[in-house]
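These notes are about the structure you will find just below.
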Amino acid sequence: MGDDDEVPRFDPNGTRYDSSSYAGRLRNILSAINPATLLLSDAEVAASQARLRAFRENGNALPLGVTDADMWTAQQQVAAVIHPATGEPISPTIGRMSAFIFPNCITAAGMLMHGPTSVGAGVFWQWVNQSYNCANNYANRSSADVDMTALAQSYGLAVGAACSIALGAGAVVKRVPALRNAGLLVPYVATVVAGGSNVAFTRINEMTDGIAVYDGDGDELGVSVAAGRAAVFNTVLTRSAFLPVFPLLFPPMIVSAAKKAKWIRAGTPAAVMFEVCTIVLFMGIGLPAALALQPQKMNLNVADLEEQFQGVDPKTGLQRTIVFANKGL
């Protein structure tokens with residue numbers, strides 16, 4: 001955005017760009033996952049938190065000398081670093097969405113260069129990839145409290161299931177050559193099931209214990225298991241089902257075209273690096289495109305939730321119809 005008069009009035013419960021449209025959600029996501037936020041110092045984040053606190057304490061009015069653009073920037077910085085449910089810095093740092101591309105560069109290169117050399121190497125890189133996915137899913141969960149013993153068990157289940165599915169799919173294709181005619185369908189299904197299993201196991205406590213539900217003012221109304229299941233399901237839908245389309249579909253076509261045009265020679269280090277860079281590029285495109293499919297702040301119809309969230313809203317005296325919850329990323 002350019003001039004200050006183009007900047008919408010700051011709303012602490014809203015987003016800078018219209019979340020009801022895909023284009024608006026995409027712009028919000030691009031701001032939230034900007035890798036530059038990894039360089040923010042503790043002092044800068046604390047200053048942004050103080051600015052947001054001053055806004056609330058000032059009766060939701062701009063502090064002296066602060067513009068709406070300043071407030072949106074503060075909100076963006078806090079959202080990129082501070083977990084919305086815990087109020088603490090998102091940890092581990094490598095699990096933040098703003099860091100997503102960097103570990104994937106390493107795993108993509110490892111899988112392409114080292115993975116095919118042996119079964120052990122293939123298992124190792126699947127373990128690295130799924131371990132990172134667990135860290136990412138944990139860091140971007142929608143709940144606050146986590147039982148570390150249960151998390152360790154979920155990690156084992158997630159990595160074991162995902163690695164078994166990913167490697168098993170490859171073994172099945174080798175034994176049943178007819179499946180090769182399915183093209184990318186088999187690796188796509190394997191990736192979706194593996195990724196979905198990882199999300200589900202890592203965030204299983206949200207489906208069993210629930211997540212916090214809020215009213216339009218951001219006041220907590222209680223904990224909902226139905227909302228927790230919706231959060232995990234929607235994350236699987238966007239992250240596990242839609243995102244893989246980009247790195248699985250486009251890079252093979254581009255690499256194949258480059259080989260036919262004799263820009264690269266198969267089996268050379270240059271060819272491997274070209275493929276890695278292409279995969280990472282389309283992951284970078286696919287991530288915001290996938291995350292923007294649905295708003296992070298879920299609008300939930302109370303009819304789909306537990307009875308405690310239904311009935312009259314004591315604040316307004318009207319029948320409550322919609323509540324909100326953090327979906328996670």
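Structural remarks
- Taking the convex hull of Cα positions in the range 212-259, its mean projected area over all directions (nm²): 4.6 nm²
- For the range 18-155, the Kirkwood hydrodynamic radius from C-alpha pairs, put into Stokes-Einstein at 20 °C and a viscosity of 1.002 mPa s, yields a diffusion coefficient of 124 µm² per second.
- Residues in the range 51-68 carry Karplus couplings, in order, of 5, 5, 5, 5, 4, 5, 5, 8, x, 6, 10, 5, x, 4, x, 10, 9, 4 Hz; the curve used is 6.51 cos²θ - 1.76 cosθ + 1.60 with θ = phi - 60°, and Gly or Pro positions show x.
- When the chain is treated as a Gaussian network with alpha carbon springs shorter than 10 Å, the biggest mean-square fluctuation among A61, A85, A139 belongs to A61.
- Less than 5 angstrom separates the built amide H of I90 from those of I82, H83, all sequence-distant by 5 or more or on a different chain.
- Gain on full extension, evaluated as 0.36 nm per residue between Q49 and L318 minus their Cα-Cα distance, stands at 93.5 nm.
- With all protein chains kept in place, the per residue accessible area of the range 224-329 amounts to 51 square angstrom at a probe of 1.4 angstrom.
- As a fraction of the 1.4 Å probe accessible area of the range 281-329, surface on carbon and sulfur atoms comes out at 58 percent.
- Rolling a 1.4 angstrom probe over the protein heavy atoms with all chains in place gives the range 1-151 an accessible area of 52 Å² per residue.
- Relative frequency of Cα-Cα separations exceeding 18 Å in the range 1-58, percent: 51 percent
- Here the range 1-130 exposes an accessible surface that is 58 percent carbon and sulfur, computed with a 1.4 Å probe and the other protein chains kept in place.
- Sequence-distant lysines (8 or more away, or on other chains) whose Cα lies within less than 24 Å of K315: K297
- Computed E for Q308/S41 - FRET, C-beta separation, R0 41 angstrom, nearest 0.05: 0.45
- A simple spin-label model places pseudo-atoms 7 Å from Cα toward Cβ; at I254 and S21 they are separated by 2.8 nm.
- A helix-only calculation puts the chain at -18000 deg cm²/dmol for mean residue ellipticity at 222 nm, using -39500 (n - 2.57) for each DSSP H run of at least four residues, averaged over all residues.
- Computed 3J(HN,Hα) for the range 217-225, one whole-Hz value per residue from the Karplus formula 6.51 cos²θ - 1.76 cosθ + 1.60 where θ = phi - 60°, is 8, x, 7, 5, 9, x, 10, 10, 5, glycine and proline marked x.
- Cα principal axis extents for the range 71-147, largest first, Å: 51, 31, 13
- Nearest-0.05 FRET efficiency for I106 and K297, computed from C-beta distance (R0 30 Å): 0.40
- For the chain: span of alpha carbons on each principal axis (Å, largest first): 65, 47, 33
- Residue among L157, L112, L318 with the largest mean-square fluctuation in a Gaussian network model of the chain, springs linking Cα atoms under 10 Å: L318
- Each residue of the range 87-93 was assigned a 3J(HN,Hα) from its phi angle through the Karplus expression (A = 6.51, B = -1.76, C = 1.60, θ = phi - 60°), giving x, 10, x, 4, 9, x, 4 Hz with x at Gly and Pro.
- Here the simple spin-label model places points 7 Å from the Cα toward Cβ, and for A85 and A152 these points are separated by 2.1 nm.
- As a calculated quantity, the FRET efficiency between V176 and V119 at R0 = 25 Å, using C-beta atoms, amounts to about 0.85.
The values are calculated or read from the model by the stated rules, or taken from the named source; none is laboratory data. None of these values were measured; they are calculated from a predicted model. Cβ atoms come from the backbone with ideal geometry, glycine included; neighbour counts cover every protein chain shown. Just the protein is used for accessible areas: all its heavy atoms, side chains included, with ligands, DNA and RNA removed. Shrake-Rupley method; radii C 1.70, N 1.55, O 1.52, S 1.80 Å.
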